[in-house]
Structure formats: C-alpha cells, structure tokens
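Below is one structure, written out as structure tokens; comments come after it.
The values are calculated or read from the model by the stated rules, or taken from the named source; none is laboratory data. Everything quoted here is computed from the prediction, not taken from an experiment. With ideal geometry, Cβ positions are generated from the backbone for all residues, glycine too; neighbour counts draw on all protein chains shown. For accessibility, only protein heavy atoms count, side chains too; no ligands or nucleic acids. Shrake-Rupley method; radii C 1.70, N 1.55, O 1.52, S 1.80 Å.
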Amino acid sequence: SDGGCPSLLLEGTATNLIPYSEDFSNASWSKGNLSLTSGFISPSGDLTAYRIFENNLTGQHKIQYTNINVAIGDITVSYFLKKGERDKISIELGGGGGGQAKFNLTSGIVISQSGVIAKIEALSNDWYKCSVSFTTTATTVYTGAYLLDDSGNLSYTGDSLNGAYIYGAQLEENSYSTSYIKTVGTTQTRVADTASGSGNSTVI
C-alpha cells in the first residue's frame, strides 16, 4: 500500500540464475583488488549483508560472477547496495553485448549508463536496489559490481579502508527486475503468482 488503495504484487515465473545470491565469499564470486567481511544487516533484517572494500593497489576494485548460462534475449541483473565510505558503484552486465551503469548511493540516482538500461529504487535504512538490463546475443554472460572513487573512476588507487555494502544478487531472463529470489548453491525459480475468488469484481 502507498497510502491509497492497496494492491497485490502478482508476478510471473522467474529464476535467479546466480546460484550464490547472498554468499559473496563463495569462490564462484571472483574478487579483484577487493576484500569482504560478513555479518551486516541486510534489507531483509538479518545479518547476511557483506561489506566489500578496496585494497591499496591501483586498478579496478570489483567482485564478479562469470559463466552464467542464459537464453538469448532480455536479461536483467540486480543487487541491493548501500553506501559506506564509497557511495558510487558501477554494475556490469555483459556477454553478447551489454555494458555498465554507475550509481550514486547517496543521492539515489543513476550517474550514467552505457549499453544497458539502469534503474535504482530506494529502500529503507539507506539501501537501494540497483538493476541493469539489456538484450544478449550470447548464451553465457557475466556480471560484476565495482567500487568507484569519489570522482566516479573505475580504476584508481585504493587505501584498504573504503568500501560499501552488498546483498542479494539476482540475474533473470526478464527485461526488468522482479522480486528477490534467494539461492543457496543452486538456481531457484519462483512460480507465477495467481489470485482467485476476488469477490466483487468492481472493487478487485
């Protein structure tokens, strides 16, 4: 409900194709010039969010998942993100095209997008759901999240201190992001929602 008439969220079938949607410490998530720690409050209210932070080397500071099998067509990846010392993050989605979008986690805006369609949605406690979409011509794709410096640069010299928070990665064969589907080691599918017995059809 938004304060007016309440409504039902009825979604179609969707599958989260990232087998480790919350366990960013898993080896399937490669880390480049970046470390992480666990045990931070997530958007779901439990201690399953991670803090990712840069090392002191020069380069890109990223976490990435590769070799995700998809059907040719529309795909979307989404992450729940929260600012730390860094408040700018780039999300990449590629394979058979694609690109990156940069997000500001303080002002809640898309800074830029290239090759993808980007969206940011404000949640509670300074969390945002950030997503990017494009139409792939490949059957294997990859995604990643990159810390950016204060000027929004992808490549910079870190200081081993600055970072941000991440939770709930999802990649699905849709042109937009749907509700989060948790995975623990395997892909997971949500069946289509349905409603019946609505009663007065002039009201519902």
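Here are some notes:
- Members of the range 80-109 found to be over 16 Å from the mean Cα position of the chain (by Cα) and β-branched (Val, Ile, Thr), listed by number: Thr106
- Contacts under 8 angstrom Cβ, first residue in the range 123-143 being at positive phi, partner open to solvent by less than 60 Å² (accessible area, probe 1.4 Å), 6 or more apart: Asn125/Pro43; Asn125/Lys82; Asp126/Lys82; Asp126/Leu105
- Hits in the range 7-52 - residues which are more than 24 Å from Leu148 (Cα to Cα) and more than 15 Å from the chain's Cα centre (by Cα): Ser7, Leu8, Leu9, Leu10, Glu11, Gly12, Thr13, Ala14, Gly45, Asp46, Leu47
- Any hit, the range 144-151, residues being in contact (Cβ under 8 Å) with a residue 60 or more places away in the chain, of a type in the set (A, V, I, L, M, F, W, C) and in a loop (DSSP other than H, G, I, E, B): yes
- Note on the range 109-121: residues that are exposed (fewer than 15 other Cβ atoms within 10 Å of the Cβ) and outside any strand (DSSP E or B) amount to 1.
- Meets criteria (surrounded by 13 or more Cβ atoms within 10 Å (Cβ to Cβ), of a type outside the set (A, V, I, L, M, F, W, C) and at pLDDT 95 or above) for Thr106: no
- Extreme residue, surrounded by the most Cβ atoms within 10 Å (Cβ to Cβ), among residues of the range 122-159 that are aliphatic (A, V, I, L, M) and farther than 21 Å from Lys31 by Cα: Ala138
- Test: Ser177 is closer than 29 Å to Thr13 by Cα and in contact with a Pro (Cβ under 8 Å, 6 or more places away or on another chain): no
- A single member of Thr37, Thr48 is farther than 18 Å from Thr143 by Cβ and in contact with a Lys or Arg (Cβ under 6 Å, 6 or more places away or on another chain), and it is Thr37.
- Taking the range 26-48 as the range and being in a loop (DSSP other than H, G, I, E, B) and open to solvent by less than 60 Å² (accessible area, probe 1.4 Å) as the test, the residues that pass are Asn26, Ser28, Asn33, Ser42, Pro43, Gly45, Thr48.
- Single residue of the range 1-25 satisfying the filter (among the aliphatic types (A, V, I, L, M) and surrounded by fewer than 16 Cβ atoms within 10 Å (Cβ to Cβ)) that is farthest from Asn67 (Cα to Cα): Leu8
- Filter pass, Thr186 being under 24 Å from Gln100 (Cα atoms) and among the β-branched types (Val, Ile, Thr): no
- Just one of the listed residues (Asp193, Asp159) is out of contact with any Lys or Arg (no Cβ under 6 Å at 6 or more places or on another chain), more than 23 Å from Pro43 (Cα to Cα) and of a type outside the set (S, T, N, Q), namely Asp159.
- Taking strands (runs of 3 or more DSSP E) as the structural unit, those lying wholly within the range 53-100 and holding at least 2 residues that are touching an Asp or Glu at 6+ places or on another chain (Cβ under 7 Å) and surrounded by fewer than 22 Cβ atoms within 10 Å (Cβ to Cβ) correspond to 73-83.
- Of the residues making up the range 160-185, those that are open to solvent by less than 40 Å² (accessible area, probe 1.4 Å), in a strand (DSSP E or B) and under 29 Å from Gly59 (Cβ atoms) are Gly163, Ala164, Ile166, Tyr167, Gly168, Ala169, Gln170, Leu171.
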